[in-house]
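The structure appears right after this line, and notes come after that.
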Amino acid sequence: MLAAVWLVAVVNVSIAANARPGWVSALAASPERVREGKLWFLVSSAVLVDHPVVLSLLSFTALAVSALTLCGTRTFWWSAFLGQVLATMLVYAFIGLARWLVVGAFDSSVVSPDYGVSTVCAAWLGSIAALMWRRRGRSAVGKLSIALSCFAVGLFAYSVRPDVSVLSSEHLVAFGLGVGAAIPSLLRRVFDVTLRRPIYELYALTLSTVSGRLKPTRVVTLVLPLVIAIAAAPSGLAALRHQIAAHLQPTVSRCARDWNLLGAASRLPVGENFTSLVSLAILHRGRAGGPKGEDCSYTFIEATRALVVLGRWNHGRVDRWNISIAARGTSAVTSNATLERGGRLRLRDRHGRLVLAS
């Protein structure tokens, strides 16, 4: 009965939200909202489907009926909770870690509306696949068909919504959690191995140390992996930071930050005493036969000339600078930055207020 009420709510709210865009902002979750402690959006987003609405509603209905019929009520709700809440929180935690390591990482995803129904569907798909996989007498061909079916569903979903972002990884996490929800005691065993057992072993090691009955084998099995993990952590975090930064795209704020942090003003002929107007922009690069991408464009209007500096964007940062000089009258730009003492740039918003000085 409760499942039917949820299904009706998803259909009605999603159709209404399709005609009233304000409903999406009022119900959808986002990493920024959850970071602010607005956890109720994790629940309210579970009544919204993404575009295309009709196809998404049909998929949701089919998977809901299949999961409830094949997996039972307990797995149906447990899988839905894991897909909607836990998968979302795990991906949001990764985004938070990435933004702590690399300032400005995943900027567009932090405030993007996050629809919860798709992750629930991914979790249900994982539960159904796990249940079918574990059926007695299932042949290798049958298991292969299950794997190919899951792959086909994912490929179909990608063909419908090819705009993949870091939030899309929620579906893979939800699928794995759905598999765990359908296998008895699997999540408990994973919890025991990853958390409860290490805590128990650490407690036993502490008692052995206090009582003077410390066993060398216990020290080796517990302390050695811990030492290795601590030693490898800096390298692992550095590698993660590099991978995240290498995929950052240029924005006006990142261009200004690179100008200031890389000390471009100290190497380029830009004088704050003679510059009356500064404009930062993103320049699209895509000549025939050449690499496509975007670069940072800095325009400085002086008394008699316009100085244009092109910052070549590569692997998440500006890696070299190119300068061109033109007559002042040939450059019509709108100021969105200020050149301060020492050649540092400070951005202005559309109201003229200073917003960035990195």
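The values are calculated or read from the model by the stated rules, or taken from the named source; none is laboratory data. Given the structure is predicted, the values throughout are model-derived calculations rather than measurements. Note that we place each Cβ from the backbone using ideal geometry, even for glycine, and neighbour counts take in every protein chain shown. The area values use the complete protein model at the heavy-atom level, side chains included, leaving out ligands, DNA and RNA. Shrake-Rupley method; radii C 1.70, N 1.55, O 1.52, S 1.80 Å.
General observations
- Residues of region 30-59 satisfying the condition of being outside any helix (DSSP H, G or I) and open to solvent by 30 Å² or more (accessible area, probe 1.4 Å): GLU36, GLY37, LYS38, LEU39, TRP40, ASP50, HIS51, PRO52
- Residues that are outside any loop (DSSP other than H, G, I, E, B) and open to solvent by 90 Å² or more (accessible area, probe 1.4 Å) within region 13-29 comprise ILE15, TRP23, listed in sequence order.
- Candidate set: region 159-199, residues that are assigned to a helix (DSSP H, G or I), within 21 Å of SER108 (Cα to Cα) and touching a residue at least 40 places away in the same chain (Cβ under 8 Å); chosen: the one most open to solvent (accessible area, probe 1.4 Å): LEU172
- Per-region count, region 302-358, residues open to solvent by 40 Å² or more (accessible area, probe 1.4 Å), modelled with pLDDT under 75 and under 30 Å from GLN243 (Cβ atoms): 2
- Any hit, region 251-258, residues being surrounded by 13 or more Cβ atoms within 10 Å (Cβ to Cβ), in a loop (DSSP other than H, G, I, E, B) and at pLDDT 80 or above: yes
- Residue match in region 77-95 (condition: closer than 30 Å to ARG317 by Cα, assigned to a helix (DSSP H, G or I), open to solvent by 30 Å² or more (accessible area, probe 1.4 Å) and of a type in the set (Gly, Ala, Ser)): yes
- Test: SER145 is touching a residue at least 40 places away in the same chain (Cβ under 8 Å), open to solvent by 50 Å² or more (accessible area, probe 1.4 Å) and in a helix (DSSP H, G or I): no
- Odd one out for VAL111, checked against (1) under 22 Å from the mean Cα position of the chain (by Cα); (2) open to solvent by less than 40 Å² (accessible area, probe 1.4 Å); (3) of a type in the set (A, V, I, L, M): (2)
- Residue within region 116-139 that is surrounded by fewer than 19 Cβ atoms within 10 Å (Cβ to Cβ) and closer than 23 Å to VAL11 by Cβ present: no
- Count of residues meeting criterion [open to solvent by 10 Å² or more (accessible area, probe 1.4 Å), in a helix (DSSP H, G or I) and touching a residue at least 24 places away in the same chain (Cβ under 8 Å)] in region 98-108: 3
Matching residues to (1) among the aromatic types (Phe, Trp, Tyr); (2) at pLDDT 85 or above:
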{"site": "LEU42", "(1), (2)": "no, yes"}
{"site": "ASP50", "(1), (2)": "no, no"}
{"site": "SER56", "(1), (2)": "no, no"}
{"site": "LEU68", "(1), (2)": "no, yes"}
{"site": "THR73", "(1), (2)": "no, yes"}
{"site": "TRP78", "(1), (2)": "yes, yes"}
{"site": "GLY83", "(1), (2)": "no, yes"}
{"site": "GLY96", "(1), (2)": "no, yes"}
{"site": "VAL102", "(1), (2)": "no, no"}
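- Flag for PHE156 being open to solvent by 90 Å² or more (accessible area, probe 1.4 Å) and either modelled with pLDDT under 80 or of a type in the set (Phe, Trp, Tyr) (or both): yes
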